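The values are calculated or read from the model by the stated rules, or taken from the named source; none is laboratory data. Nothing here was measured: the structure is a model prediction, and the numbers come from that model. Don't worry about glycine lacking a Cβ; one is built from the backbone with ideal geometry, like all the others, and counts go over all protein chains shown.
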Amino acid sequence: MIYIKQKITTNFFGVSRINKKVRKSLMLLLVLTFGILNFGCNKDSNDDEYYIKYEVGSSTIYTGGKLDVILSNEKNLNTTLSIKTKSNWEAVVGPVKKGFKANIEVSEAGNNHGKLTLSTQISVSKNNGPFALKAIDDSDEPRTNVQLGYTIDF
């Protein structure tokens, strides 16, 4: 059998030098780990991509009605579409960058005799994550148009 003796000296407080070295190494490792986590996870916001989901819902007692929808597309130009009343509709636009101004305007394209209810909402997805609701205009009151906007700021 071989025995290895190691001389451990202690200071005034009874702490060995080995423990000081281990503590110093652990402290350095801890500082480095926090530094990597703090700076390594920060992503340049210029690389972020966003997708905009526009949603429209309408109801009326009349059939065959139409709605005109004007929305901001990924080139920040207005796109006009025609959709049916009494249905739920959605469209996804993107990718876009931070600062994009998402706008949607829905108006009656015919006569629903003042019995039309409209709801709109804008949701945003960042870097292919889940969509988060950012703006909503929902009302049970009859109306013939609605406008909604949201600027990406996160």
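Flag: Lys134 matches the condition of being of a type in the set (Lys, Arg), under 16 Å from Asp153 (Cα atoms) and either in contact (Cβ under 8 Å) with a residue 12 or more places away in the chain or assigned to a strand (DSSP E or B) (or both). None of Lys126, Lys97, Lys115 is farther than 19 Å from Asn46 by Cα and touching a residue at least 40 places away in the same chain (Cβ under 8 Å) except Lys115. Has the range 98-114 got at least one residue that is under 12 Å from the mean Cα position of the chain (by Cα), at pLDDT 95 or above and not hydroxyl-bearing (Ser, Thr, Tyr)? Within the range 98-114 (the criterion being under 12 Å from the mean Cα position of the chain (by Cα), at pLDDT 95 or above and not hydroxyl-bearing (Ser, Thr, Tyr)), the answer is yes, since at least one residue qualifies. Among the residues of the range 117-148, those that are exposed (fewer than 13 other Cβ atoms within 10 Å of the Cβ) and either touching a His at 6+ places or on another chain (Cβ under 9 Å) or small (Gly, Ala, Ser) (or both) comprise Gly129, Ala132, Ser139. Restricting Val22, Val56 to those that are surrounded by 10 or more Cβ atoms within 10 Å (Cβ to Cβ), of a type in the set (Val, Ile, Thr) and modelled with pLDDT of 95 or more reduces the list to Val56. Give the residues of the range 82-97 that are exposed (fewer than 14 other Cβ atoms within 10 Å of the Cβ) and under 14 Å from the mean Cα position of the chain (by Cα), sorted by residue number. Val92, the sole residue that qualifies.
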